[in-house]
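For reference, the structure is listed below as C-alpha cells.
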Amino acid sequence: MKKTIIAIGGGELRERTTLKIDEYIARLAKMRAGENRANALFIPTASHDFMPYYNTFHKVYTGVFNIKTDVALSVFKDVDLEKMKAKFLKADMIYVGGGDTVFMMDSWKKTGLLPLIEDAYQRGVIIAGLSAGAICWFSDIYTDSAAELTGEKYAMFQGLNWKKGVISPHYGLRMLDFDQIVCYNFDCAYGIEDDAAIVMKDGEIVGSLSSGGKAWLLERKDGELQKTEIPSIENC
C-alpha cells in the first residue's frame, strides 16, 4: 500500500462527529490486514496518556468497526522499546490523538517512539491523527501548544517536516488569525476544519474527507488570499 496519512482537523470521537472519516480509516486498515482481523494502535501522548481517550477510541474502532485495538503508553513510565516495537509491528493502522502538539513531538524524540512511527509509515501502516496528530507531520504548524514558549494564544511552530507545508487544525475557529498570518508570511497553507480531513499518499495531498467540515487550500495571489476547497477523495 502507498504511504498514507489522514490528517483530521478536529472533532469528537466520543460523540462520533468524525465517524464518516473513521469509517474510511477503518476500511484502509482492513484492506491492509487482508484476511486477518485488522489491528489499530492508539498513541495518546499529546493528551499525556489520558486513558479515557483510548477507551473512547476502542469503543469506536472495536465496537463499530470490529478492529482490534492497543495503546502505546510512554508518558508516565519508561518505554520498553522491544515490547513497544512489537505493538507497532502488529499494527495495520496508527491513530495519534489530540492534545499538546509540542509536548508530544518532544516526548516522541526522548522516548524513542518517533523512529517506530517513522518505520511504520515507511512500511505502509496507515497513519491517522486528529488535531495534534494531524498537524505534527508538517513543516510549519499553527498551534496553541506553543503558548508557554511564545506568550501568544496561537503561534507558528516547527513540525516534524515529513510534509512541507503550513497548516492549522480547527480552522473554522482560528480562521481570521491564521488567514492573516498566511497572507503576510506564506505563499500557501492548509486549513482543516473540525470534522474534516485531508488524505496524503506518498507525501502528496490527494483529496479530503468530510464528516461535516471542510478542508481548504489557502494561496496568496497578488497580495490577496484565495481559498479553494480541497476536493473530496471520492471525486479525485
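The values are calculated or read from the model by the stated rules, or taken from the named source; none is laboratory data. Owing to the predicted nature of the structure, the values given are computational and were not obtained by experimental measurement. Neighbour counts are summed over all protein chains in view; Cβ atoms, including those assigned to glycine, are modelled from backbone coordinates with ideal geometry. Heavy atoms of the whole protein, side chains included, go into the accessibility calculation; ligands, DNA and RNA do not. Shrake-Rupley method; radii C 1.70, N 1.55, O 1.52, S 1.80 Å.
Pairs linking a residue in the range 166-190 that is under 14 Å from Ser131 (Cβ atoms) to a residue that is assigned to a helix (DSSP H, G or I) and aliphatic (A, V, I, L, M), with Cβ atoms under 6 Å and 6 or more positions apart or on different chains, are Ile167/Ile135; Pro169/Ala134; Pro169/Ile135. Please determine whether any residue of the range 146-165 is more than 26 Å from Gln122 (Cβ to Cβ), touching a Gly at 6+ places or on another chain (Cβ under 8 Å) and either among the basic types (Lys, Arg) or assigned to a strand (DSSP E or B) (or both). No: zero hits. Scanning the range 50-75 for residues that are open to solvent by less than 60 Å² (accessible area, probe 1.4 Å) and more than 24 Å from Met104 (Cα to Cα) yields Thr62, Phe65, Ile67. All of (1) under 29 Å from Tyr154 (Cα atoms); (2) touching a residue at least 12 places away in the same chain (Cβ under 8 Å); (3) open to solvent by 10 Å² or more (accessible area, probe 1.4 Å) hold for Tyr95 with one exception: (3).
Restricting the first member to the range 208-224 and to residues that are surrounded by fewer than 16 Cβ atoms within 10 Å (Cβ to Cβ), and the second to residues that are not small (Gly, Ala, Ser), the beta-carbon pairs closer than 6 Å and six or more apart or on different chains are Gly212/Asp195; Glu219/Cys188; Glu219/Gln226. Determine, yes or no, whether Ala120 is within 16 Å of the chain's Cα centre (by Cα), closer than 16 Å to Met1 by Cα and in contact (Cβ under 8 Å) with a residue 12 or more places away in the chain. Taking the combined requirement at face value, the residue satisfies it. For the range 102-143, a tally of residues being touching a helix residue (DSSP H, G or I) at 6+ places or on another chain (Cβ under 6 Å), open to solvent by less than 10 Å² (accessible area, probe 1.4 Å) and part of a loop (DSSP other than H, G, I, E, B) returns 1.
Looking only at residues of the range 186-207 that are at positive phi and assigned to a loop (DSSP other than H, G, I, E, B), we find that the one that is surrounded by the fewest Cβ atoms within 10 Å (Cβ to Cβ) is Asp202.
For Val79, the test of being under 24 Å from Trp216 (Cα atoms) and open to solvent by less than 50 Å² (accessible area, probe 1.4 Å) is failed. Counting only residues that are of a type in the set (Val, Ile, Thr) and either within 25 Å of Leu89 (Cβ to Cβ) or surrounded by fewer than 20 Cβ atoms within 10 Å (Cβ to Cβ) (or both), the range 9-49 holds 4 of them. Filtering the range 174-207 to residues that are aliphatic (A, V, I, L, M), within 26 Å of Asp106 (Cα to Cα) and modelled with pLDDT under 95 leaves Ile181, Val182.
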